[in-house]
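The values are calculated or read from the model by the stated rules, or taken from the named source; none is laboratory data. If you're wondering where the values come from, they're calculated on a predicted model, not measured in any experiment. We place every Cβ from the backbone using ideal geometry, glycine too, and count neighbours over all the protein chains shown.
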């Protein structure tokens, strides 16, 4: 039996699982690599949902997004183990398919501050996506990609996304985090095709 076949008997599963990727701990808080986490925490605030620690390797909240039942989650593992939380949450809540999962993450290949919605696709070298794909055995989940850009110098990509962000760049990312949260809400309310038309045209 596949992971997405384990719907709990007699229960209606949430319609969406939204995962915001990042690294745990104060050292990494609000770095470029944690913008996905920041967006999901913002969503939780918007919808008065408290993210609580516990099982499933994640902070988890159940929320109603304009009446639609959703699970919001932030893995507590390091980025390259994000799939542990994804698989555990799919099993716990009986998520019915990868197309009901939205992963919010940083993207080096997009300009800083840009936001794009993507349906399935490759991994773009992202360790969090690689882990999720390995644990779910599929790449068919949805992505909300927050652009952080490439490092302007010879600094490695890893050092760049994990370092503290200067104020001007932080202001740009904060706007993108708001737009990413908007994009998740549009996917939930109107579907991924509508969200791609709106968000990707910006």
Output yes when any residue across region 107-120 is under 22 Å from residue 190 (Cα atoms) and crowded, with 23+ Cβ neighbours inside 10 Å, and no when none is. yes
Quick check: is even one residue across region 77-92 outside any strand (DSSP E or B), in contact (Cβ under 8 Å) with a residue 24 or more places away in the chain and at positive phi? no
Tell me which residues, restricted to region 182-202, are touching a strand residue (DSSP E or B) at 6+ places or on another chain (Cβ under 8 Å) and not in a helix (DSSP H, G or I). 200, 202
Does residue 72 count as under 18 Å from residue 187 (Cβ atoms) and under 16 Å from the mean Cα position of the chain (by Cα)? yes
Report whether or not residue 193 is closer than 22 Å to residue 27 by Cβ, modelled with pLDDT of 95 or more and more than 14 Å from the chain's Cα centre (by Cα). no
The lone condition residue 105 fails out of (1) more than 24 Å from residue 149 (Cβ to Cβ); (2) in a strand (DSSP E or B) is (1)
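Table: residues versus (1) within 13 Å of residue 32 (Cα to Cα); (2) at pLDDT 95 or above; (3) surrounded by 20 or more Cβ atoms within 10 Å (Cβ to Cβ).
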site: 134; (1), (2), (3): no, yes, no
site: 153; (1), (2), (3): no, no, no
site: 164; (1), (2), (3): yes, no, no
site: 173; (1), (2), (3): yes, yes, yes
When you scan region 131-181, how many residues do you find that are over 14 Å from residue 111 (Cα atoms) and assigned to a loop (DSSP other than H, G, I, E, B)? 13
Kindly provide the set of residues from region 1-47 that are at pLDDT 90 or above, over 22 Å from residue 181 (Cβ atoms) and part of a helix (DSSP H, G or I), ordered by number. 26, 27
